[in-house]
Every structure is written in structure tokens, then in C-alpha cells.
Amino acid sequence: MTRAEIEKLSDPEVQKYLVTNAGEDESRLLLKHREMFGLPFRLIAHQLAVRKKGQAKLPMFCTTPGIVFPPSVNFEQCSSEATANFKTDLLSQNLAGEKNHAADLTGGLGIDSYFMSTLFRRIEYVEPDTQLLHIALHNHTILGASSIQHHVQTAEDFLANRTDRFDLFYLDPSRRDTGNKKLLRLADCTPNVVGLLPRLLESGDFVLIKASPLLDIHQALRELQCVFKVMVVSVSNECKELLFLLKRNFSGEPMIETYNLSKTGEVIQSFSFLLRDETQAVSDFGEPQTYLYEPNASLLKSGAFRLVGERFCLKKIHVNTHLYTSSEKVENFPGRVFRVDDWKFDSKNIPDQKANVLTRNYPIDAEALRKKLKLADGGEKYVIGFSGWKQKYTVLATRLA
């Protein structure tokens, strides 16, 4: 996509067409048109396709006239509006003093750069891909983000030529190799944040690294230094990001913070601890009682399996079943809460024979259990299959939170 094509895609007539045809099948339209508005129609079809995905991920971008979306692979890797907003709030709370100067060393589509520009007086956007930079520059201009300076450079080249100080460096390294294989160590990603750390911590007060939710937190802590906080971020109970906030000269134990956000970025649930808290915690095991508790995705990723039960005075059902239980309902649990309605039930008596089926440490998965019980998906009831110490359970439950 050339700069001229980017400008044409932002033309009011093209933008009106994209809005008017938002619900159309772009592949069908592609068969009908080869060119439109002086553009190859494949570019317009691509904008239609990516905008559909963007309605949930980047709603503000979809409702701002003139915005142009990048190739699909770059769109999939960019931050959502909810997580970008969250990161900006997080930096506002954790960085002391004035926020003057920051650098996004892996600029991409520029979502994080844009939201951070509302906090910092000046942002350096660094991106070696010329096409991506032109799209980001165009969108930043449309959004009025005049404090962002754009650099067609690698992170390494940018750092090699700077002598000024930064309040923050932000990096979201590429987690795939040239064969599109996922990389699970920070040192293998591009740029190599582990190799860059001495330079980053010499020139910056803080470093924020975004990593895949598949990354092993303990492995990352072995690779990094000066880690001040680790944040596990989910949106609507789907784990999206691991964030490592590094503070120059920090030598203590990092705080682990888990967050479950709404689709718009508000914090719904949170849970914080030190790793030694989990190491020292003791699980109180017991057979299931009236209420069942399932930790949210962020808490499960953090590994606080013993501590969450101890903090909320809950019994853990089994060492490998990450469900907890109590006879009286506990408030503000960071996850889902269920009330067991029936310990032994006939699926034929479930309203409309529809239920949401879950399995935890159970011989078969949820889909197999659903088929076995001849249930349709949905409805207001939950069927939960799980293992206790003495036996396996299949219960009928109502979700309370």
C-alpha cells in the first residue's frame, strides 16, 4: 500500500462506501469489481474485512472518518483499544513526576503510541516497516496526535543514535520467526529486548514490555532484570497480554498484578501478590459444597492457585482442579461464582435441554460431555464436570457472578 493509496482510501467518498457496505461480503464484492474510486478493489475489500474485526477491537478507529487499516497480520498483532487505554492508565499511576518523553520502539499500527500521547508530552514512534509507518502517520494526523514524532528505523538503530533521556521505553517485540513459528522466549523475539536492556535502562527511567500470554512468567523473570511489576491482562476473561514494567536500579521482588477488563477497558476484577506469598500459602482441601468458584483467566495464568483459596478462606477441591468451594457465598471473588442447584440431575429436566457446559480436570472435554448428556449449547444453567479427591462430579449450577 503506497502513500498515495493510503490517501485515496481516506477520501470521504471511499469512507462513505466502507460505512454503507460494512455488512456486505467483501469476497462477493471482489468478484464484481476490479477497480473503484481509482483504486484496485482488493484494497477496498481488505478495508471492509479488517473494519469488521475492528468494530470490537478498535471501535474509535472505526467511527473516525479517514482512518486506514493495515494488512491483516499487523492488525491481529496490534493492541486493542481496551488494553491500550489500560496501559496508559497504568503508566499514569506508576510513573512519578512529569511524563515528558517516551519512545515506542516497536511502533506497528501506532495504537499504543496514540494512547500514550495523551499522557506524555512527546512520543517517538519507531518502526522499520515503511508501509506501517505511513499508515500510522496518516492515522495519527487524522486523530490530531501532533506530539508523535515518526522514525523509519529499527529499535537498535534508533537507540544507537540517541543521547537524550527518556521517561519510558515501550516495546512489543515480534513473537514469530521468519517461518511464522511462535517464539516463547523474549531473547528470541525481534527486537531482542534482553540484549537491549542495558542500553534501555541506561537511557530510560522505566521500560514497559508487552509479551504474549503464552510466555512463561518465571522464564521471563529469569531473562529480565529490574522488573518492578508483572501485569497479567485479560479482556472479558480472555488472557490478552503480559506486561513487564522495569524500573531503573530496582532490585526488589516484583509485584504480580492480575486484571480482568471489560470490553471497553474498565477493570472488573483484580488480584495482586508477591511470588513468595504463593510459595508460602497453604491450600485447604475439601469436597465440594454449595458454592463453586473459578478464578478468572489472568489469575490462573499468574499461578496463584494456593493463595487465592487462602485469601478468600475457600477450600480447594483437588490439587489439579482449579475450582474452590464454600458453604456460604464469598463476595468479590476474582472469577466466576456458581451455586450448585443439583448434584445428580436428569438432563431431560433442564429447561429446553440447553446448558453451558464446563469441565475442569475431568475425563472428557466440555463438548464430549455436552453430547453425552444430549444438551444444546446456551441457556441460563451450567453443567460443570470436575474431579474431587474422592470422586468425579457432574453438577447442575447457576452462575451468580
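Among the candidates GLU266, GLU223, the residue that is more than 19 Å from the chain's Cα centre (by Cα), of a type in the set (Asp, Glu) and in the same structural domain as LEU197 (by TED's automatic domain parsing) is uniquely GLU223.
Picking from SER251, SER347, which residue would you name as being in contact with a helix residue (DSSP H, G or I) (Cβ under 7 Å, 6 or more places away or on another chain) and at pLDDT below 95? Just one listed residue meets the conditions, SER347. I'd like the residue in the stretch 92-119 that is polar (S, T, N, Q) and more than 20 Å from VAL193 (Cβ to Cβ) and, out of all such residues, is surrounded by the fewest Cβ atoms within 10 Å (Cβ to Cβ). Checked the stretch 92-119; the qualifying residue surrounded by the fewest Cβ atoms within 10 Å (Cβ to Cβ) is GLN93. Could you say whether any residue in the stretch 260-279 is touching a strand residue (DSSP E or B) at 6+ places or on another chain (Cβ under 7 Å), in contact (Cβ under 8 Å) with a residue 40 or more places away in the chain, of a type in the set (A, V, I, L, M, F, W, C) and crowded, with 20+ Cβ neighbours inside 10 Å? There is at least one residue in the stretch 260-279 that is touching a strand residue (DSSP E or B) at 6+ places or on another chain (Cβ under 7 Å), in contact (Cβ under 8 Å) with a residue 40 or more places away in the chain, of a type in the set (A, V, I, L, M, F, W, C) and crowded, with 20+ Cβ neighbours inside 10 Å.
In the stretch 100-127, which residue that is hydrophobic (A, V, I, L, M, F, W, C) and either outside any loop (DSSP other than H, G, I, E, B) or not assigned by TED's automatic domain parsing to the domain that holds CYS189 (or both) is nearest to PHE158 (Cα to Cα)? Among residues in the stretch 100-127 that are hydrophobic (A, V, I, L, M, F, W, C) and either outside any loop (DSSP other than H, G, I, E, B) or not assigned by TED's automatic domain parsing to the domain that holds CYS189 (or both), the one nearest to PHE158 (Cα to Cα) is VAL126.
Flag: SER302 matches the condition of being farther than 17 Å from TYR393 by Cβ, in the same structural domain as LYS392 (by TED's automatic domain parsing) and either at pLDDT 95 or above or touching a Lys or Arg at 6+ places or on another chain (Cβ under 9 Å) (or both). Within the stretch 150-162, the set of residues being free of Cβ contacts under 8 Å to residues at least 24 places away in the same chain and either closer than 10 Å to ASP104 by Cα or in a loop (DSSP other than H, G, I, E, B) (or both) comprises just one member, ASN161.
Exactly one residue among PHE61, PHE69 is crowded, with 19+ Cβ neighbours inside 10 Å, aromatic (Phe, Trp, Tyr) and touching an Asp or Glu at 6+ places or on another chain (Cβ under 9 Å), and that residue is PHE61.
Is there a residue in the stretch 18-38 that is loosely packed, with under 14 Cβ neighbours inside 10 Å and closer than 22 Å to LYS263 by Cα? The answer is yes, given that some residue of the stretch 18-38 is loosely packed, with under 14 Cβ neighbours inside 10 Å and closer than 22 Å to LYS263 by Cα. The one condition from (1) under 20 Å from ALA397 (Cβ atoms); (2) of a type in the set (A, V, I, L, M); (3) outside any loop (DSSP other than H, G, I, E, B) that LEU307 does not meet is (1). Residues in the stretch 34-55 that are without any contact (Cβ under 8 Å) to a residue 12 or more places away in the chain and under 15 Å from THR2 (Cβ atoms): PRO40 only. Restricting GLY335, GLY378, GLY309 to residues that are loosely packed, with under 13 Cβ neighbours inside 10 Å, within 24 Å of VAL235 (Cα to Cα) and in contact with a strand residue (DSSP E or B) (Cβ under 6 Å, 6 or more places away or on another chain) narrows the list to GLY378. For the stretch 237-247, does any single residue satisfy the condition of being farther than 26 Å from ALA82 by Cβ, in contact with a strand residue (DSSP E or B) (Cβ under 9 Å, 6 or more places away or on another chain), outside the structural domain of LEU299 (by TED's automatic domain parsing) and not hydroxyl-bearing (Ser, Thr, Tyr)? There is no residue in the stretch 237-247 that is farther than 26 Å from ALA82 by Cβ, in contact with a strand residue (DSSP E or B) (Cβ under 9 Å, 6 or more places away or on another chain), outside the structural domain of LEU299 (by TED's automatic domain parsing) and not hydroxyl-bearing (Ser, Thr, Tyr). A single entry from SER251, SER234 fulfils the requirement of being touching a Ser or Thr at 6+ places or on another chain (Cβ under 7 Å) and not aliphatic (A, V, I, L, M): SER234.
If you scan the stretch 195-219, which residues turn out to be charged (D, E, K, R) and in a helix (DSSP H, G or I)? Of everything in the stretch 195-219, those that are charged (D, E, K, R) and in a helix (DSSP H, G or I) turn out to be ARG199, GLU202.
Just so you know, in the stretch 227-245 the residues that are out of contact with any Pro (no Cβ under 9 Å at 6 or more places or on another chain) and surrounded by 18 or more Cβ atoms within 10 Å (Cβ to Cβ) include one that is farthest from SER79 (Cα to Cα), and it is MET231. For the stretch 71-99, a tally of residues being in contact with a strand residue (DSSP E or B) (Cβ under 7 Å, 6 or more places away or on another chain), more than 29 Å from LYS53 (Cα to Cα) and not in a loop (DSSP other than H, G, I, E, B) returns 1.
Rundown of residues vs (1) outside the structural domain of LEU214 (by TED's automatic domain parsing); (2) modelled with pLDDT of 95 or more; (3) over 29 Å from the mean Cα position of the chain (by Cα), yes/no style:
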residue	(1), (2), (3)
ARG306	yes, yes, no
VAL319	yes, yes, no
HIS322	yes, yes, no
VAL330	yes, yes, no
ASP342	yes, yes, yes
ARG360	yes, yes, no
ALA366	yes, yes, no
ALA376	yes, yes, yes
GLY379	yes, no, no
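Pairing residues of the stretch 331-347 that are more than 21 Å from VAL267 (Cα to Cα) and hydroxyl-bearing (Ser, Thr, Tyr) with residues that are exposed (fewer than 13 other Cβ atoms within 10 Å of the Cβ) and modelled with pLDDT of 95 or more, at Cβ distances under 7 Å and at least 6 apart in sequence or on separate chains, gives SER347/LYS374.
The values are calculated or read from the model by the stated rules, or taken from the named source; none is laboratory data. Predicted model only: the values in this text are computed from it and were never measured. Please note: Cβ atoms are built from the backbone with ideal geometry, for glycine as well, and neighbour counts cover all protein chains shown.
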